[in-house]
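Participant: Structure provided below as structure tokens; questions to follow.
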Amino acid sequence: MNGLKTSALALGLAAGFASLGTNAAAQDCTTKIGAVLPTSVDWGKPIAATAQYAVDIANETGGVAGCQIEMVLRDTQVDPKVGVDAAKALVDLDGVQLLLGAVSSGVSMPILTSVTVPAGVMQMSCCSSSTAFTALSEEGKTDGLFYRTFATSGVQAAVGAMVARDAGYESVAVFYKNDDWGQDIGGLVAADLEALGINVTASIAINDGQASFRAEVTEALKGNPQAIYMALYPKEGTQVVREWISLGGSQNMIAANALKSDEFRDNVGMQFLGNFTGTDTASPRSDSADAFVEAYTARFDGPPNGPGLANSYDATLIALLAMHAAGEGATGADIAAKVASITDPNGTPVTADAAGFALAKEVLDGGGTVSYQGATGNVQFDKNGDVSAPAVTWVFSETGIEEQKYISLTEVNDFMTSLN
């Protein structure tokens, strides 16, 4: 494996192989898992590659429950219909009991309600933040089959409002993608802005596939806002910003992490993004997060700058460890039931690398539990399969994306409490 070359890791791998003795057996069988991720967009490809990287780590240690893992990847195109069709194929034709994905709540939600829950398949998402999933779980409609390693939209919405407050903006117009994710975060950020005394002059839904958003931008301009907030993806975001600038709108912009994309930056132009600030959830400042950055950089010849990469890594490794704990022939419900044994705060701490994966399997095989220490820190899920997280603000530069400010989990939680 590229990037993980320390002597400590080599010793850990050797110990893992010797104690488990599964490497030879793992060559005799293969277990398929599914992944529905947007590989047709530039920012989606690294998310899928990171998931495969995690699968490779598991396979290096002898696989999962005695078998090598094959990740069958299908493109969602960030389209709900395409995503549902892809998920159905993986469940019905490939027989997967574990599905990774999707990216975008608007894609993950119909997959969950129409494919994975009816089929009893566990779904682990790296990149879906809508609070609608929490509500669905509280209503007992996820059957405990849904987990996500990305914090809810409430974190980014609150931080977006914090950015507006700190910049001194008195009025903001909100553009949001007209899907589950966009409606959720758009409503949350508008409420948070108003709670801070900042006037929301307009809240504009942006639909897919339109040739122009001039009418929507014109409507938003009527309120003469000092800044705009965008919960949009790169394609629509590019069109909206171009229209906004051409019609005389301010360059004061705040955006959710979906616009954390070279495609967006290059298609808009750096000359128009001087007052742009993005938000994102973040990994904690921990040794495990630093180790992921180091390993990822070695593997892919560059740091993990895109959205959702650390989350994709942790989602995959946690799900695979749960699959191992559930044993050969496990159902989706069996796998989901074992997630708690992988993220037990009182369990044996394990690192998110091959040595840690091998150790985790040894502990689990002995009837113990582990505390997974990953790219996003010491991951712990609540009863609804949700996690919380620190946050960052970021800006575009000529060479990529630069972190501007780190906001600790305590600061995030305290600020969100102050808004209520």
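The values are calculated or read from the model by the stated rules, or taken from the named source; none is laboratory data. All values reported here derive from a predicted model rather than from experimental measurement. We place every Cβ from the backbone using ideal geometry, glycine too, and count neighbours over all the protein chains shown. Keep in mind that these areas ignore ligands, DNA and RNA; they rest on the heavy atoms of the full protein, side chains included. Shrake-Rupley method; radii C 1.70, N 1.55, O 1.52, S 1.80 Å.
Participant: Take Asp208 and Asn346, extend 7 Å from each Cα along the Cα→Cβ direction, and tell me the distance between the two endpoints in nm.
Facilitator: Simple spin-label model gives 4.6 nm for this pair.
Participant: Here is a follow-up. How charged is the neighbourhood of His324? Take every other residue with its Cβ under 9 Å from the Cβ of His324, and add Lys/Arg as +1 and Asp/Glu as -1.
Facilitator: Numbers: positive: Lys338, Lys361; negative: Asp365.
Net charge in that neighbourhood comes out at +1.
Participant: Continuing with this model, one more query. Just going by the charge dipole of region 166-206, with Lys and Arg at +1 and Asp and Glu at -1 on Cβ, which of Leu196, Val174, Ile206 is farthest out on the positive end?
Facilitator: Ranked along the dipole, the leading option is Ile206.
Participant: Using amide H atoms built 1.01 Å from N in the peptide plane, name the residues 5+ places from Ile206, or on other chains, whose amide H lies under 5 Å from its own.
Facilitator: Under 5 Å from the amide H of Ile206 lie the amide H atoms of Tyr176, Lys177, Asn178, each far enough along the sequence or on another chain.
Participant: Taking the alpha-carbon centroid of each part, what is the distance from region 344-420 to region 190-259 in angstrom?
Facilitator: 31
Participant: Hey, in the GNM for the chain with a 10 angstrom Cα cutoff, which one of Thr134, Thr279, Thr152 fluctuates hardest?
Facilitator: Ranking Thr134, Thr279, Thr152 by mean-square fluctuation puts Thr134 first.
Participant: Rounded, prolate or oblate: which fits region 139-255, taking a ≥ b ≥ c as square roots of the Cα gyration tensor eigenvalues, rounded meaning a/c under 1.5, else prolate when a/b beats b/c?
Facilitator: Working: a/c = 2.33, a/b = 1.38, b/c = 1.68.
Cα axes put region 139-255 in the oblate bin.
Participant: Something else now. Which one of Pro390, Pro345, Pro46 has the biggest mean-square fluctuation once the chain is modelled by GNM with Cα springs under 10 Å?
Facilitator: Checking each option, the largest mean-square fluctuation is seen for Pro345.
Participant: Using Cα springs under 10 Å in a Gaussian network model of the chain, which residue among Gly154, Gly63, Gly187 shows the largest mean-square fluctuation?
Facilitator: In the Gaussian network model the winner is Gly187.
Participant: Rounded if a/c is under 1.5, else prolate if a/b beats b/c, else oblate: with a ≥ b ≥ c from the C-alpha gyration tensor eigenvalues square-rooted, which is region 40-121? Write down the numbers at each step before the final one.
Facilitator: Values: a/c = 2.45, a/b = 1.32, b/c = 1.85.
Oblate is the answer for region 40-121, as a/c is 1.5 or above yet b/c matches or exceeds a/b.
Participant: Which of the lysines could a cross-linker bridge to Lys222, judged by Cα under 22 Å and excluding same-chain residues fewer than eight apart?
Facilitator: Partners within reach: Lys177.
Participant: Something else: Once you put a point 7 Å from the Cα of Phe300 and another 7 Å from the Cα of Gln404, both along the Cβ direction, what distance in nm separates them?
Facilitator: Output for this residue pair reads 2.3 nm.
Participant: Right, another one. With a 1.4 Å probe and all protein chains kept in place, how do Ser212, Ser371 rank by accessible area, largest first? Please report the intermediate quantities before stating the final value.
Facilitator: On the way: Ser212 50, Ser371 5 Å².
My answer, sorted largest first, is Ser212, Ser371.
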